[in-house]
Amino acid sequence: MFTRGFAGYSAVLGGTAKGVPKGTAAGVPKDVATGVHRAAARTSGYRSLECSGEICHHIRARPGTRPAPCPTSPRHPLAPSPPLPAPPFTAPPTPPPGRAIHTLADRLRRLPPSCGPVRLVGVDGHAGSGKSTFTARLSAALGGAPVLHLDDVSGHEELFAWDGRLLTEVVAPLARGLTAHYAPYDWRARRFGPATRALPPAPVVLVEGVGAGRRALRPHLARLLWMELPREESWARGRARDGAEQREFWADWVEAERRHFAEDPSRPFADLLVRQSAHGYELLPGPAGRVGPDQIATEGEGSSAMC
């Protein structure tokens with residue numbers, strides 16, 4: 001039996017002596033605690049005498065038995081269940097495929113024009129780095145934006161000496177809001193075709209190819225994107241794509257590309273780096289750091305910036 005008095009237990013349990021039943025734990029309403037104690041007494045056949053808030057003791061106890069747990073104690077089977085633990089953290093759902101490239105397209109549309117009414121966007125990188133494939137996807141995200149492939153304005157005798165023709169036949173008309181016309185080069189016939197191809201002054205025009213970010217063209221670009229793939233890996237992909245038929249050409253091309261980028265590099269002026277992966281394209285801020293108007297930065301599908 002307990003020797004402490006009623007008031008002593010009330011003080012220990014956070015209650016007051018007046019009107020608080022014996023054994024009422026702090027925070028338990030008076031009517032609840034009284035009802036629980038009375039129910040326990042009827043069930044066990046014994047009357048509660050004192051309670052510490054954890055164990056009820058009764059006037060009589062059967063030989064060999066221990067005092068019964070208090071129904072208001074957290075250890076009693078009738079006590080309210082403790083709150084369930086918070087569910088484990090789970091990552092937010094993966095964004096839908098293609099979201100990043102559409103975000104990029106939306107932001108390119110909001111750039112100020114750079115060539116007359118046109119936002120000229122360059123996509124540069126080593127030969128075989130995947131420029132054409134990425135540009136096709138970006139064009140589709142832009143609703144079918146016109147694309148100028150630099151392979152169409154260069155040739156065997158002018159691998160990189162095409163900047164004057166590009167400025168005259170393409171950039172100058174676009175800057176005046178006119179449709180540009182140029183004769184695409186036939187790489188198998190080794191000559192420029194007789195037919196001309198039209199390039200309208202759309203809100204966004206993509207210029208894709210090795211040297212799209214060259215010094216002569218950069219002043220007319222709204223943004224420059226660089227395909228982030230090492231040159232040796234890019235060239236290996238290009239050789240595998242073109243096959244044995246173009247083996248001799250590739251030997252000359254590699255040396256010409258080395259010289260071009262040594263004299264007129266593009267990557268240091270790129271606003272965005274585009275890195276291809278198994279899940280899409282990752283967009284990273286480029287060395288130039290121009291990622292406005294509202295900060296195009298890494299975005300992705302999955303755990304990284306993918307599109």
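Which of the residues belonging to segment 187-233 are closer than 16 Å to residue 153 by Cβ and among the basic types (Lys, Arg)?
190, 191, 197, 214
Inspect all residues belonging to segment 183-193 and state whether any of them is assigned to a helix (DSSP H, G or I), touching a Pro at 6+ places or on another chain (Cβ under 8 Å) and either modelled with pLDDT of 95 or more or not β-branched (Val, Ile, Thr) (or both).
No, there is no match, as no residue in segment 183-193 is assigned to a helix (DSSP H, G or I), touching a Pro at 6+ places or on another chain (Cβ under 8 Å) and either modelled with pLDDT of 95 or more or not β-branched (Val, Ile, Thr) (or both).
Only one of 119, 176 is within 20 Å of residue 271 (Cβ to Cβ), more than 21 Å from the chain's Cα centre (by Cα) and open to solvent by 10 Å² or more (accessible area, probe 1.4 Å). Can you tell me which?
119
Go through 225, 229 for me and flag whichever is closer than 22 Å to residue 128 by Cα, aliphatic (A, V, I, L, M), under 37 Å from the mean Cα position of the chain (by Cα) and open to solvent by 20 Å² or more (accessible area, probe 1.4 Å).
229
Just to be sure, is residue 134 at pLDDT below 95 and aromatic (Phe, Trp, Tyr)?
Values: at pLDDT below 95: no; aromatic (Phe, Trp, Tyr): yes.
Against the criterion (at pLDDT below 95 and aromatic (Phe, Trp, Tyr)), residue 134 does not qualify.
Out of (1) within 26 Å of residue 286 (Cα to Cα); (2) in contact (Cβ under 8 Å) with a residue 12 or more places away in the chain; (3) part of a helix (DSSP H, G or I), the odd one out for residue 249 is which?
(1)
Picking from 247, 267, which residue would you name as being open to solvent by 50 Å² or more (accessible area, probe 1.4 Å) and touching a Phe, Trp or Tyr at 6+ places or on another chain (Cβ under 8 Å)? Break it down into steps so the answer makes sense when it comes.
Numbers: 247 fails: touching a Phe, Trp or Tyr at 6+ places or on another chain (Cβ under 8 Å).
Matching residue, one of 247, 267: 267.
Would you point out which residue out of 210, 274 is within 32 Å of the chain's Cα centre (by Cα), open to solvent by less than 10 Å² (accessible area, probe 1.4 Å) and closer than 19 Å to residue 132 by Cβ?
Only one candidate passes the filter, namely 274.
Is it the case, given these coordinates, that residue 113 is open to solvent by less than 30 Å² (accessible area, probe 1.4 Å), touching a strand residue (DSSP E or B) at 6+ places or on another chain (Cβ under 6 Å) and either modelled with pLDDT of 95 or more or under 30 Å from residue 250 (Cβ atoms) (or both)? Break it down stepwise before answering.
Numbers: open to solvent by less than 30 Å² (accessible area, probe 1.4 Å): no; touching a strand residue (DSSP E or B) at 6+ places or on another chain (Cβ under 6 Å): yes; either modelled with pLDDT of 95 or more or under 30 Å from residue 250 (Cβ atoms) (or both): yes.
Criteria not met by residue 113.
Looking at (1) at negative phi; (2) modelled with pLDDT under 95; (3) within 28 Å of the chain's Cα centre (by Cα), can you tell me which one residue 246 breaks?
(3)
Residue 77 passes all but one of (1) within 25 Å of residue 234 (Cβ to Cβ); (2) open to solvent by 60 Å² or more (accessible area, probe 1.4 Å); (3) at pLDDT below 95; which number fails?
For residue 77, the exception is condition (1).
With 204, 153 as the choices, which residue is without any contact (Cβ under 8 Å) to a residue 40 or more places away in the chain, surrounded by 19 or more Cβ atoms within 10 Å (Cβ to Cβ), closer than 26 Å to residue 281 by Cβ and among the hydrophobic types (A, V, I, L, M, F, W, C)?
From the options 204, 153, the qualifying one is 153.
Can you tell me which of 234, 129, 139 is part of a loop (DSSP other than H, G, I, E, B) and open to solvent by less than 50 Å² (accessible area, probe 1.4 Å)?
Details: 234 fails: part of a loop (DSSP other than H, G, I, E, B); 139 fails: part of a loop (DSSP other than H, G, I, E, B).
Answer to the check: 129.
The values are calculated or read from the model by the stated rules, or taken from the named source; none is laboratory data. Note that this is a predicted model, so its numbers are computed, not measured. In this analysis, Cβ positions are derived from the backbone assuming ideal geometry, glycine residues included, and neighbour counts consider all displayed protein chains. What goes into the accessible areas is simple: the full protein's heavy atoms, side chains included, and nothing from ligands, DNA or RNA. Shrake-Rupley method; radii C 1.70, N 1.55, O 1.52, S 1.80 Å.
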